[in-house]
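Contents: one structure, followed by commentary.
The values are calculated or read from the model by the stated rules, or taken from the named source; none is laboratory data. Note that the structure is predicted; figures quoted are calculated from it, not measured. Because the Cβ atoms are built from the backbone with ideal geometry, glycine has one as well, and the counts that use them run over all protein chains shown.
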Amino acid sequence: MTERQFKLLYDGQCPFCRLEVRWLQAWNREGRLVFEDITAPDFDAARYGLTREDVMGVIHGVLPDGRIVRKVEVFRQAYRAVGLGWLLAPTGWPGLRWFFDVLYEWFARNRVSLGRFFGRSCDAGTCNVAARPQKRRGET
């Protein structure tokens, strides 16, 4: 990965993720966006300081300096890398950023059910999002 590239960690078994990746690949004419399938046999989440549950729970990306971004920030960075950053700029505006992150979290938790609603399903069930343990009262 060169200094100018952003790496998108995506679930290659999720139909929504594959659709988004195909769209971004079509616009990635200068190669500023790199794609890594988290369901590939050689994928190692620990290389990024993450776990499988982390990367399966919400989308992640890797900035050129190695920092990890999550949720809608990944899409903002990916679209910026292919020259379409203006499309998602409003999702980063104060007041709207929180809303879009919450909306994305809902989508990530429900993407399997939504895929079935639209006549799609995940291959081999690998895009099932692992349930995150709920915090008990008093825990932080």
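Observations on the model:
- Residue match in region 125-133 (condition: crowded, with 16+ Cβ neighbours inside 10 Å and either on the phi < 0 side of the Ramachandran plot or modelled with pLDDT of 95 or more (or both)): yes
- Qualifying residue in region 20-31 (condition: farther than 17 Å from F75 by Cβ and among the aromatic types (F, W, Y)): no
- Residue check, I68 buried (at least 17 other Cβ atoms within 10 Å of the Cβ), of a type in the set (A, V, I, L, M) and farther than 17 Å from E105 by Cβ: no
- Scanning region 19-62 for residues that are polar (S, T, N, Q), without any contact (Cβ under 8 Å) to a residue 12 or more places away in the chain and under 21 Å from L84 (Cβ atoms) turns up just one, Q25.
- Inclusion of E73 among residues that are over 14 Å from R4 (Cα atoms) and either at pLDDT below 95 or touching a strand residue (DSSP E or B) at 6+ places or on another chain (Cβ under 6 Å) (or both) is not warranted.
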